[in-house]
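Below is one structure, written out as structure tokens; the observations come after it.
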There are 2 protein chains.
Amino acid sequence: MWPAFLDRYSGVPLYYQIQQHLLEEIRSGSWKAGRAVPSEQEIAQRLGVSRMTARHALKSLCNLGAAYSQHGKGTFVSGLKFEKNFRQVLSFSEEMRSRGTRPQSKVLQFRQAESDNEVAEALHIGLGEKVFVLHRVRLADSSPLCVECTHIPVRLCPELQKKFKPRMSLYKCLLENYGMQIDFADEVAEASLATAEEARLLRVPKKAPVFRFTRTAYLRNGKPVEFVRSVYRGDRCKVVNRLSRRMEFSGERAKL
Amino acid sequence: MWPAFLDRYSGVPLYYQIQQHLLEEIRSGSWKAGRAVPSEQEIAQRLGVSRMTARHALKSLCNLGAAYSQHGKGTFVSGLKFEKNFRQVLSFSEEMRSRGTRPQSKVLQFRQAESDNEVAEALHIGLGEKVFVLHRVRLADSSPLCVECTHIPVRLCPELQKKFKPRMSLYKCLLENYGMQIDFADEVAEASLATAEEARLLRVPKKAPVFRFTRTAYLRNGKPVEFVRSVYRGDRCKVVNRLSRRMEFSGERAKL
DNA sequence: AAGTGGTCTAGACCACTCG
DNA sequence: GAGTGGTCTAGACCACTTG
């Protein structure tokens, strides 16, 4: 069926090479939705790996959503479209570029301030603790898309005002200067109407529909590093999400 | 440190018993954020299980977001709050009950129709193929929250009009009569203003802010079974999401 | 009965981190 | 160098599905 494509000396994990190979068959459309993927035993025999390694490859494939397993039956190609944009935590610049539009921003303010109640709670810091406040208008292809107000504890990145240049990506700046990598974020969206001030900045009529977001971004260890309030033009953006019905991620049964 | 709590004859997987035990320590607050969780070897030795089983337990704990691993350092308690409502695919009834409010709905229409372009594409059926159309106003504590228009292919559940009673949960009906269990859904939200008709049904002023959703719900194998258009009152709901920055789920490196 | 995925074992070598 | 997680092996038994 397949040639032996494994390279045992490349340093790339075997299970990952296998997963990528299977993924390629699925993405290319060679294997239709519902078709059985080779079983653990078949992979193990054909490729000369242990069954646990074959299993690892299949499980990782399922975790990607490309396939699903049924106890006693087999593992099957899922009917998902891969072209879909799965939503991720992207910085504004990343998000715009991934859509093929040119990101820009105009800094309205960049100052230190004391955290208010909402900010302190979101960032797990004391009420009144110093935070940087970065207030920006964000543009896509030279036309305003949103107004953003970012809060970051001063304690986490003391020299930020010197390190950060208006043109650069804030996330890149945090990573390169402080080793802080954003891993996930919690976001709350509300449907609302633009205030007079917002309407002016966004160049929309007063009381135009807008999204009002708050977002808290975390490191991998769960520590919050950024809290953002933003207002997006309703006519220029949609919020896309994938909701899971499973309580767990990869086949676990835990109740949280 | 711990007594031997494993029951090898209960039928409950060992890794799962271990995971639950660790989770309990974390949820109860006995183990603070950042604290090292027992290592794979330590668990294996103390509980008399193989290292792979201990590893499985820790990995599943990480997949839940309760901990995170660092190569060469250890596994640590994450700083996440568990009380947070992770968003799931819930039927309207489930979602309302989970918030402690009483769900109701008023059926405006329940008929067969031919799929339009958007419906056909979302449900992967032919243009014009028969679908059930269920048009409802949804109430929470006797006050209107949203207007919903659900589309389901007739082919998937031919007798639905006989099986479904206005008071029951549609998801429960699909599960009990057709064995179809919704597993996940893709949702698109827009910020918009209520039309005159919507305003009347929702009992809000004309041009009040609303969310406009479309939602496609899928089975575990990726087959779409339901497409919903809905309009929610902006003053009575928020959209909460957790965004991931990882491309993968459980530590994989695949690019999709 | 045969094939499948789910769990488990008892080892092994490696890369990484830290003192 | 000691401890950690990441990968891998070659077996094993089980529960589940299907013919």
Exercise. Which one of these does A:Met180 not meet: (1) within 22 Å of the chain's Cα centre (by Cα); (2) free of Cβ contacts under 8 Å to residues at least 40 places away in the same chain; (3) assigned to a loop (DSSP other than H, G, I, E, B)?
Worked result: (2)
Exercise. Say we look at the range A:49-66 and pick out the residues that are near DNA strand C (Cβ under 9 Å from one of its atoms) and more than 9 Å from every other protein chain (Cβ to nearest Cβ); which of these is surrounded by the fewest Cβ atoms within 10 Å (Cβ to Cβ)?
Worked result: A:Ser50
Exercise. If B:Glu187 satisfies every condition in (1) at positive phi; (2) modelled with pLDDT under 90 but one, which is the exception?
Worked result: (1)
Exercise. Residues of the range A:11-20 being in a helix (DSSP H, G or I) and either within 11 Å of DNA strand D (Cβ to nearest atom) or surrounded by fewer than 17 Cβ atoms within 10 Å (Cβ to Cβ) (or both), which ones?
Worked result: A:Leu14, A:Tyr15, A:Tyr16, A:Gln17, A:Ile18, A:Gln19
For this session: Please give the number of the condition B:Arg212 fails out of (1) crowded, with 18+ Cβ neighbours inside 10 Å; (2) modelled with pLDDT under 95; (3) of a type outside the set (A, V, I, L, M, F, W, C); (4) out of contact with any Lys or Arg (no Cβ under 6 Å at 6 or more places or on another chain).
Result: (2)
Exercise. Do we find a residue being within 15 Å of DNA strand D (Cβ to nearest atom) and part of a loop (DSSP other than H, G, I, E, B) anywhere in the range A:117-133?
Worked result: no
Problem set entry | Residue count for the range A:15-46, restricted to those that are in contact with a helix residue (DSSP H, G or I) (Cβ under 7 Å, 6 or more places away or on another chain), of a type in the set (A, V, I, L, M, F, W, C) and more than 12 Å from DNA strand C (Cβ to nearest atom) | 3
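With respect to A:Ser105, determine if the residue is outside the structural domain of A:Thr214 (by TED's automatic domain parsing) and part of a strand (DSSP E or B).
no
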Exercise. Across the range B:29-82, which residue is farthest from DNA strand D (Cβ to nearest atom) among those that are closer than 15 Å to B:Leu14 by Cα, part of a loop (DSSP other than H, G, I, E, B) and in contact (Cβ under 8 Å) with a residue 12 or more places away in the chain?
Worked result: B:Gly48
For this session: Give the residues of the range B:92-120 that are of a type in the set (Gly, Ala, Ser) and surrounded by fewer than 18 Cβ atoms within 10 Å (Cβ to Cβ), sorted by residue number.
Result: B:Ser98, B:Gly100, B:Ala113
Exercise. Got at least one residue in the range A:83-101 being in the same structural domain as A:Ile152 (by TED's automatic domain parsing), in contact with an Asp or Glu (Cβ under 8 Å, 6 or more places away or on another chain) and in a strand (DSSP E or B)?
Worked result: no
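The values are calculated or read from the model by the stated rules, or taken from the named source; none is laboratory data. Computed from a prediction, not measured in an experiment: that's the story for all the values here. So basically every Cβ, Gly included, is an ideal-geometry build from the backbone, and we count neighbours across all protein chains shown.
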